[in-house]
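This report refers to the structure that appears directly beneath it.
What follows is calculated from the coordinates using simple rules that are stated; it is not laboratory data. None of the values given here were measured: they were computed from a predicted structure. So basically every Cβ, Gly included, is an ideal-geometry build from the backbone, and we count neighbours across all protein chains shown.
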């Protein structure tokens, strides 16, 4: 069994894509009542260097994309080392998660199982538009927030459960969920060839932008409610400052795509993903720094 990854396999792991999921972790870190530095470090490493890349690689192996995918405009052919190494990465990630807690390790396993179901041909959640959206909506947003918050604080999920935490998790889900169909909007032809009915394919190009905009607006509303519960609504106005460039890029892309659907392409999607990911990361890092001051 070949465990060492080829250059192609390393590319498909898309380690840099973890950057765009990092804001959820940073938000949880900034809101944790007590922070164990060692646990926080391990939680960061497990998600962003093991579990997320393993999920990317495993899904790429079964998707065998010929067209552009997130961060890779021309993906190379996949090989068996990608499959083997993604499983190895995930296994190491789970073992490291055990150093935090059994509960956190179980969270990592659950995330891994669902990510495999997303693309594996025997289940292929990706072919079911609403179910696949719900899995991404819950498990890349609220689930990661709640699991990280509890692990960083060295609490159980039951101990960390509260109404503000529910709102914070759902806020993450809405922001992640708003981006999700936009990452599919340029892949309609390839998805049709493969028999996948993604949410963006069902919604159409215009519907994808409307859905993303509505879910993002809901996320903004939840963000306001969360900071209101914390008696720090000034953080919401700061949030609006950070999302201004995101709204500008989104509206510019929406107008161009509605005029010509060919503008719903990889280039614009990559720009949207980059701007929104960096804006959210910058915002939550600012919140974290303000807390530490």
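The order of the peptides 185-191, 29-35 by mean Cβ neighbours within 10 Å, most packed first, is 185-191, 29-35.
Can you tell me the order of 54-62, 239-247 when each peptide is scored by its average per-residue count of other Cβ atoms within 10 angstrom, highest first? Each step should come with its number before you reach the end.
On the way: 54-62: 23.7, 239-247: 16.0.
So the peptides 54-62, 239-247, ranked by packing, come out 54-62, 239-247.
What order do you get for 287, 152, 255 when you list them from fewest to most C-beta neighbours inside 10 Å? Write out the running numbers ahead of the final one.
Numbers: 287 20, 152 28, 255 11.
So the residues, fewest neighbours to most, are 255, 287, 152.
Is the shape of the range 158-293 best called rounded, prolate or oblate, per the rule: a/c under 1.5 gives rounded, else a/b larger than b/c gives prolate, else oblate, with a ≥ b ≥ c the square roots of the Cα gyration tensor eigenvalues?
Details: a/c = 2.53, a/b = 1.82, b/c = 1.40.
Because a/c hits 1.5 or more and a/b exceeds b/c, the range 158-293 counts as prolate.
Here the gap between residue 206 and residue 130, fully extended at 0.36 nm per residue and compared with their Cα-Cα distance, gives a gain of 25.6 nm. A simple spin-label model places pseudo-atoms 7 Å from Cα toward Cβ; at residue 158 and residue 123 they are separated by 2.6 nm.
Shape of the range 64-182 from its Cα gyration tensor (a ≥ b ≥ c, root eigenvalues): rounded if a/c is under 1.5, otherwise prolate when a/b > b/c, or oblate?
On the way: a/c = 2.32, a/b = 1.39, b/c = 1.66.
It comes out oblate by the Cα gyration axes.
Applying 0.36 nm per residue to the separation of residue 74 and residue 267 and subtracting their alpha-carbon distance, the gain on full extension is 68.3 nm. For a test of the definition: using alpha carbon positions, the gyration tensor, and the 1.5 limit on a/c, classify the chain as rounded, prolate or oblate. Taking the square roots of the gyration eigenvalues as a ≥ b ≥ c, the chain is oblate.
At 0.36 nm per residue, minus the direct Cα-Cα distance, what do residue 252 and residue 229 gain on full extension? Give it in nm, one decimal, please. If you can, show how the numbers build up before the last one.
Details: separation 23, 0.36 × 23 = 8.28 nm, distance 3.35 nm.
Extra length available between residue 252 and residue 229 comes to 4.9 nm.
Reducing the range 198-217 and the range 263-293 to their Cα centroids gives an inter-centroid distance of 20 Å.
Label sites at residue 192 and residue 98, each approximated as a point 7 angstrom past Cα along Cα to Cβ, lie 4.9 nm apart.
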